[in-house]
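Let me begin by presenting the structure, written as C-alpha cells, before commenting on it.
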Amino acid sequence: MSKDYYEILGLSREATKDEIEKAYRKLALKYHPDRNPGDETAAKKFTEITEAYEVLSDNDKRAQYDQYGFATEEGEMPHYQYHHMDLNEALNMFMRSFGGGFGSIFGDEGDTRYLRRRPIPGDDRVMTLTITLEDAFKGLNREITVDHLVNCPDCGGVGSKDGESPVDCPDCGGSGARRMVKRLGPVQYVTTTTCSRCGGEGTIIEERCPKCRGRGSVKQRTKKAIDIPRGVEDGNRLRVTGLGDAGQRGGPTGDLYLIVRVKDHPFFERSGDDLKCEVSVTYPQAVLGTKVKVPTLHGPVELKIPSGTASHTVLRLKGKGMPNLRNPSRYGNQFVRVKVDIPSKPSIKERSLIKKLRDTQGERKDFT
C-alpha cells in the first residue's frame, strides 16, 4: 500500500485511539460490501480502510509505522507493514471490531459469499544493502542472499499430500461462515461468524503435506545478482520483483525491497549530486596564489587557488560530482573549501620571516 494510513482514515497524525476507532467504523459501514453489492471499488476501499485501522489501532504497530513508515533500517520488515490484507480478513476484523457478525449490524442475514477467502499476494521482503561512495559513483553488480518463502515443491502450494485439492468444509458447506439465528420476541437477530473448523477458508485439507505441514510454503535461501545503478543515494529503495514470499491460494509472489546504505567517506561529503571536500594550503600559497592537485572520484584534478584567497573560501570543480540517478550522463559539482594552514609551532626561520612581514605590514590595533 502506497497511501498514508492517516490519510486513508481522514485523520491527523495526532489522532487519539477513540478518533481512530470512530473514523474506522464510520468508513467501514459506508463501504461495507453488503451495502455496496457488486461494487469492487467499494470492496477495495473497505479493505484499504481496515488495513489502515489494523496498524493504527495497535500501539506498537502505530509507533513503528510513525517512526519508519513502510520501511525499517533492519534487514527484515514486520509482516504487518507489508502484509496485503484480503477482503475476507478485512471482514473478519470488522466483525471483531463490532463484536459480532456483519449480518447483525445491518439487520439482515448478510452475504456469506464474501467470507470465502480469495488469493492473497505474498508478503514483501526488505533488506539493507551497504555500499561505498565509490560503488555509488561507478555502479556495481552484487550477489545478495535472501531467505524467503516459496511454494512447497511437493504439494505445489496447496498444502495437501500429493497436491490433492482441498474439499469443502462440512460444517459451513464451503462458505467459510456460520450463521446463528436468535429470536427475542418478534425480533430476529442474525449473526454471521467465521467457521471455527476451517477458519474462514471454506475448505479443509484431509491429509496435510508432510513437507510443508499444510502451510503450502517452505523457507528457501536464494542467491541473485543485483545491479546497483550509478548515482544511488543513501536511503534509496531498489525493488526486485518476485523475490518476496510466495502468495497463498494462487496469489502472486511478493517483491524484495533493498534499502541502500552508503558508507560515510573519509574525504568527501555528499549533498545530492554534489560533493564537498576540504584542502589545506599554506599562508604564502593563499596570499600569492598557487595550483594544487585535488582528489575527485573522476581522478585527480588541478585546482587554481587565486592570490589573496581567504580561509574557508569555497571553490567549484564543475561536473566533478556524482552522476544523477535518473540521468547518469549528468554530473553534479565538487565544492572545495580552502583552509589556510597556520603552523602551531613555527620554526625559528619561519618566526623570523613572519616578524619581518609584521614589521612591513604593521600591527592592526583598531578593529572598530
Separation of the Thr145 and Asp341 label points, Cα + 7 Å toward Cβ, nm: 4.6
Largest-first principal axis extents of the Cα set of the range 269-361 (Å): 58, 22, 19
Residue order, fewest to most beta carbons within 10 Å, for Val146, Val181, Val158: Val181, Val146, Val158
Above-threshold pairs, the threshold being 21 Å between Cα atoms, out of Lys291/Lys345; Lys291/Lys355; Lys138/Lys276; Lys138/Lys304; Lys304/Lys339: Lys291/Lys345; Lys291/Lys355; Lys138/Lys304
Calculated from backbone phi, Karplus (6.51, -1.76, 1.60) coupling profile of the range 252-260 in Hz, x at Gly/Pro: x, 6, x, 10, 10, 10, 9, 8, 7
Relative packing of 130-136, 234-240, which averages over residues the other C-beta atoms within 10 Å, highest first: 130-136, 234-240
Sorted by Cβ neighbour density within 10 Å, fewest at the top, the residues Arg125, Arg197: Arg197, Arg125
Added length on full extension, which subtracts the Cα-Cα distance from 0.36 nm per residue, Asp154 to Lys355: 63.4 nm
Computed FRET value (nearest 0.05) for Ala225 with Thr282, which takes r as the C-beta separation and R₀ as 51 Å: 0.55
Prolate/oblate/rounded call for the range 199-295, Cα gyration tensor, a/c under 1.5 rounded: prolate
Segment Ala42-Ser57, extension gain: residue separation times 0.36 nm, minus the distance between their alpha carbons: 3.2 nm
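No lab work stands behind these numbers, since they all come straight from the coordinates. Source: prediction; values computed, not measured. As a convention, Cβ positions derive from the backbone with ideal geometry for all residues, glycine included, and neighbour counts pool all protein chains shown.
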